[in-house]
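Some notes on the structure that comes next.
FYI, it's all coordinate maths here, none of it is from the lab. For clarity, every value in this text was computed on a predicted model and none was experimentally measured. Here the Cβ positions follow ideal geometry from the backbone for every residue, glycine too, while neighbour counts run over all protein chains shown.
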Amino acid sequence: MQILYFSRVREAIGKDEETLTPPADVTTVDGLLNWLSTKDEGYEQAFKNRDGLRAAVNQTFSPMDAPIKHGDEIAIFPPVTGG
Amino acid sequence: MRISVQEQDFSIDKEVEALVRGRGDIGAVATFSGLVRGDNGITQMTLEHYPGMTEKQLEAIAKDAMKRFSLDDCLIIHRYGTLKVGERIVLVITLSKSRKAAFQGAEFLMDWLKTQAPFWKKESNGNESKWVDAKAEDKHTQEKWK
């Protein structure tokens with residue numbers, strides 16, 4: 001699973017992308033963030049305020065309870081500020 | 001219909017000219033451009049985006065606008081990278097038979113870009129830099145088109 005981080009989230013975690021294989025019981029974006037948060041304090045801090053986070057699954061905006069599977073591209077970022 | 005996500009600047013005149021050249025069926029061209037504003041000592045802004053998804057979102061938004069307002073053509077250019085105060089960030093051009101659709105289409109595109117395009121702005125005053133927070137009013141503005 002390829003995981004991308006942007007903006008504040010990228011800075012908090014200290015990398016812009018990584019490829020990970022989460023355990024089989026990780027089936028949603030929220031589940032992925034929970035799993036990562038148990039691994040390292042940096043993730044825990046970055047993902048603490050879930051209201052301030054948005055996600056995309058395979059380059060489509062998706063809710064935090066969206067299903068994810070092996071091979072997906074998941075992106076985590078704050079609300080967008082373009083235009 | 002064309003979209004471009006680019007680092008380099010653009011010329012509004014040249015883009016309009018390229019769109020209307022040789023066409024006799026267009027009665028209205030609306031252009032909107034957004035610039036870096038130097039509030040509170042801001043000297044420059046850095047725009048980050050999500051390559052791949054940005055292009056997909058811009059394509060989808062442009063297609064939606066074409067259909068919704070029966071536009072004859074439209075263009076979106078959105079820049080990324082570091083831009084100084086006064087520099088152009090974004091350009092939207094809509095072509096139509098008459099002004100109403102052109103105005104509305106351009107407004108729709110801008111409202112959607114604010115909330116549906118994966119860009120993030122970081123402002124700097126020369127000493128420190130800060131990510132821009134999303135505005136609740138932008139979300140509200142976009143919802144009026146639903």
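Between the C-alpha center of the range B:88-146 and that of the range B:12-57 there is a gap of 10 Å. Label separation (residue B:136 vs residue B:16): 3.8 nm, computed from points 7 Å beyond Cα along the C-beta direction. Shown here for the range A:1-82: trypsin sites (Lys or Arg not before Pro) in loop regions (DSSP other than H, G, I, E, B) with at most 14 other Cβ atoms within 10 Å, namely A:15, A:48, A:69.
Rounded, prolate or oblate: which fits the range B:2-129, taking a ≥ b ≥ c as square roots of the Cα gyration tensor eigenvalues, rounded meaning a/c under 1.5, else prolate when a/b beats b/c? Prolate, because a/c is 1.5 or more and a/b exceeds b/c.
In chain B, the longest principal axis of the Cα atoms and the axis of helix B:53-68 are about 40 degrees apart.
Of the chymotrypsin sites (Phe, Trp or Tyr not before Pro) in the range B:57-146, the ones in a loop by DSSP (not H, G, I, E or B) with at most 15 other beta carbons within 10 Å are B:145. The shape of the range A:24-83 comes out oblate: with a ≥ b ≥ c from the C-alpha gyration tensor, a/c is at least 1.5 while a/b does not beat b/c. Going by a ≥ b ≥ c, the root eigenvalues of the Cα gyration tensor, does the range B:1-64 fall in the rounded group (a/c under 1.5), the prolate group (a/b larger than b/c) or the oblate group? Note, shape of the range B:1-64 comes out oblate. In this structure, the residue pairs whose Cα-Cα separation is over 24 Å, taken from B:63/B:114; B:56/B:114; B:67/B:97; B:67/B:122, are B:67/B:122. Of all aspartates and glutamates in the structure, those lying under 15 Å Cα to Cα from residue A:15, and not within fewer than 8 positions of it along the same chain, are A:40, A:41, A:44, B:48.
Charge dipole (Cα centre; +1 on Lys/Arg Cβ, -1 on Asp/Glu Cβ; no other charges) of the range A:24-83 amounts to roughly 140 debye.
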